[in-house]
Amino acid sequence: MVDQATRKSLSGIPLLKTKAGPRDKELWVQRLKEEFQALIKYVETNKQQDNDWFRLESNKEGTRWFGKCWYIQDLLKYEFEVEFDIPVTYPTTAPEIALPELDGKTAKMYRGGKICLTDHFKPLWARNVPKFGIAHAMALGLGPWLAVEVPDLIAKGVIVYQEKKAT
């Protein structure tokens with residue numbers, strides 16, 4: 001079951017309609033438009049709620065995504081690179097989100113820094129194909145993972161805050 005806070009978060013993300021993956025040429029272009037619209041809406045909603053926590057961009061084809069995500073604890077911003085590829089069987093298969101710099105630092109992660117979403121997120125994704133997209137993966141996958149894992153890694157001293165250098 002989905003709790004009330006999750007329902008509220010999801011209500012701000014438009015559902016997608018086009019069931020298409022990278023191999024579907026013109027339909028993939030339509031799906032990408034829906035993906036971008038959902039991501040823009042989700043980011044806008046997050047900013048309005050003072051909950052801005054990630055930036056994403058993609059390659060020209062929309063098959064490789066990358067950016068940054070962050071978690072704030074004790075007024076310190078812990079920032080991580082985030083990346084994932086769109087599987088060829090997308091949207092039937094959810095993307096595997098990776099935080100490469102945390103690779104090997106927690107048991108809830110696979111090789112290459114891919115976060116573990118098997119037990120909770122993937123069944124939910126499977127029940128909502130093709131309505132869920134990248135914004136939903138961020139909201140229901142990466143967001144909760146960060147909220148659970150990062151404070152634990154900070155408490156254990158595995159992650160230590162580092163001042164960002166001005167460039």
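The values are calculated or read from the model by the stated rules, or taken from the named source; none is laboratory data. Here the structure is a predicted model, which means the values were calculated and not measured. All Cβ positions, glycine included, derive from the backbone under ideal geometry; neighbour counts span all protein chains shown. Quick note on the areas: whole protein, heavy atoms, side chains included, nothing else; ligands and nucleic acids left out. Shrake-Rupley method; radii C 1.70, N 1.55, O 1.52, S 1.80 Å.
Among LEU124, LEU142, which is the only one that is outside any strand (DSSP E or B), over 12 Å from the mean Cα position of the chain (by Cα) and either under 23 Å from GLU44 (Cα atoms) or at pLDDT below 95 (or both)?
LEU124
Return a yes/no flag: does the stretch 151-166 have any residue that is open to solvent by 80 Å² or more (accessible area, probe 1.4 Å), farther than 30 Å from LYS17 by Cβ and in contact (Cβ under 8 Å) with a residue 60 or more places away in the chain.
yes
Before we move on, is GLU96 under 13 Å from the mean Cα position of the chain (by Cα) and modelled with pLDDT of 95 or more?
yes
Restrict the check to the stretch 4-15 and report whether at least one residue is more than 16 Å from the chain's Cα centre (by Cα), under 15 Å from ASN128 (Cα atoms) and surrounded by 14 or more Cβ atoms within 10 Å (Cβ to Cβ).
No, the stretch 4-15 contains no residue that is more than 16 Å from the chain's Cα centre (by Cα), under 15 Å from ASN128 (Cα atoms) and surrounded by 14 or more Cβ atoms within 10 Å (Cβ to Cβ).
May I ask you to list the residues in the stretch 1-25 that are among the small types (Gly, Ala, Ser), in a helix (DSSP H, G or I) and in contact (Cβ under 8 Å) with a residue 12 or more places away in the chain?
Answer for the stretch 1-25, where residues must be among the small types (Gly, Ala, Ser), in a helix (DSSP H, G or I) and in contact (Cβ under 8 Å) with a residue 12 or more places away in the chain: just SER9.
For residues that are within 24 Å of GLY62 (Cβ to Cβ) and touching a residue at least 40 places away in the same chain (Cβ under 8 Å), tally how many sit in the stretch 100-127.
So the answer is 1.
Considering (1) part of a helix (DSSP H, G or I); (2) in contact (Cβ under 8 Å) with a residue 12 or more places away in the chain; (3) open to solvent by 70 Å² or more (accessible area, probe 1.4 Å), say which one TRP28 fails and leave the rest.
Failing condition for TRP28: (3).
Does THR92 count as of a type in the set (Ser, Thr, Tyr) and under 21 Å from ASN128 (Cβ atoms)?
Yes, satisfied.
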